[in-house]
1. Can you name the residue in the range 22-56 that is among the basic types (K, R) and not in a helix (DSSP H, G or I) and is also surrounded by the fewest Cβ atoms within 10 Å (Cβ to Cβ) among such residues?
2. Any idea which of (1) within 30 Å of G149 (Cα to Cα); (2) surrounded by fewer than 18 Cβ atoms within 10 Å (Cβ to Cβ) is the one F95 doesn't satisfy?
3. Only residues that are of a type in the set (G, A, S), at pLDDT 95 or above and crowded, with 19+ Cβ neighbours inside 10 Å: list them for the range 207-224, please.
4. Can you find, within the range 1-20, the residue that is surrounded by the fewest Cβ atoms within 10 Å (Cβ to Cβ) among those that are out of contact with any Pro (no Cβ under 7 Å at 6 or more places or on another chain) and aliphatic (A, V, I, L, M)?
5. Condition check: among the acidic types (D, E), surrounded by fewer than 21 Cβ atoms within 10 Å (Cβ to Cβ) and touching a residue at least 60 places away in the same chain (Cβ under 8 Å). Does E190 satisfy that?
6. Which ones in the range 58-98 are farther than 18 Å from V163 by Cβ, among the acidic types (D, E) and over 16 Å from the mean Cα position of the chain (by Cα)?
7. Mind listing whichever residues of the range 149-187 are at positive phi and either loosely packed, with under 14 Cβ neighbours inside 10 Å or in contact with a Phe, Trp or Tyr (Cβ under 7 Å, 6 or more places away or on another chain) (or both)?
8. Would you check which residues across the range 113-143 are aliphatic (A, V, I, L, M) and more than 16 Å from T96 (Cα to Cα) and list them?
Amino acid sequence: MAGSLQNKIAFITGGGSGIGAATAERFAREGATVIICGRRLDPLLAVEKRIKQQGGSVNSVVADVSNETQFIQALEKVSNDYGRLDILVNNAMAFTWGGIEDMTTEQWHENFTTSVDGTFWGTRTAMKLMRQSGGGAIINLSSICGALGTAYMAGYSASKAAVVNFSRAAAAEGARDGIRVNVITPAIVETPATAGMLSDDNSRQNTEKLIPMGRVGQPEELASAITFLASDDASYITGTELPVDGGRSAVLITALD
């Protein structure tokens, strides 16, 4: 049986670990040819090896999405090599910790270069390429931090809020050309980026108490939602924000034991 992404050409940023890697593996199982992008080759090759062992089609490209030229060239090369681009997942992220009073302007901007500038560059390029081939799907990754204030993560929170409203505008512009743009909003997911927040039993338990489902998310669970939005099953969905957060954004406060 053909998968939900059969014969699609998909580009995933931050594809060497976490949500990006899980999404790449899921896309490949669904029949897509997957191009995974990241700044370091070794993690990409590890994901590539797993996908190929499962019979999937995948290639790696080293590019920094916070570098406009590198990112655009990587996307354009995929379109030239394969004749089109059907799916873009803007998953790469970067953030800095720190209180507002102590945050430098440089640290503030570090939160935006990958999450906002990179998402803009990727979406702009993908929309041009997808318009030429009759449409496509763009899925941008935000965060619950973009919806709720998070102390000591003001820059990251602001950047992820920007991703949501940018995506709505892009959806409005792309709709008539068959280009769908949607946002996934996770809470905490068990990835290398969150390892420090879950480094001991006490930290994990305190985090899990805040989540109605009582556990942190897994990358594969985010990959399932991303796959749905990338597929034709979501053909009439654009401009939406889909929380995948165990119910965290649905509650003001929890008193679960």
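1. R40
2. F95 satisfies every listed condition except (2).
3. Matches in the range 207-224: A223 only.
4. Checked the range 1-20; the qualifying residue surrounded by the fewest Cβ atoms within 10 Å (Cβ to Cβ) is M1.
5. On the way: among the acidic types (D, E): yes; surrounded by fewer than 21 Cβ atoms within 10 Å (Cβ to Cβ): yes; touching a residue at least 60 places away in the same chain (Cβ under 8 Å): no.
When the stated conditions are applied, E190 does not pass them.
6. Matches in the range 58-98: E76, D81.
7. Scanning the range 149-187 gives a single hit, Y152.
8. Just the residues of the range 113-143 that are aliphatic (A, V, I, L, M), to begin with: 116, 126-127, 129-130, 137-139, 141.
Result: A126, M127, L129, M130, A137, I138, I139, L141.
The values are calculated or read from the model by the stated rules, or taken from the named source; none is laboratory data. Predicted model only: the values in this text are computed from it and were never measured. Here Cβ is always computed from backbone atoms with ideal geometry, including for glycine, and neighbour counts include all displayed protein chains.
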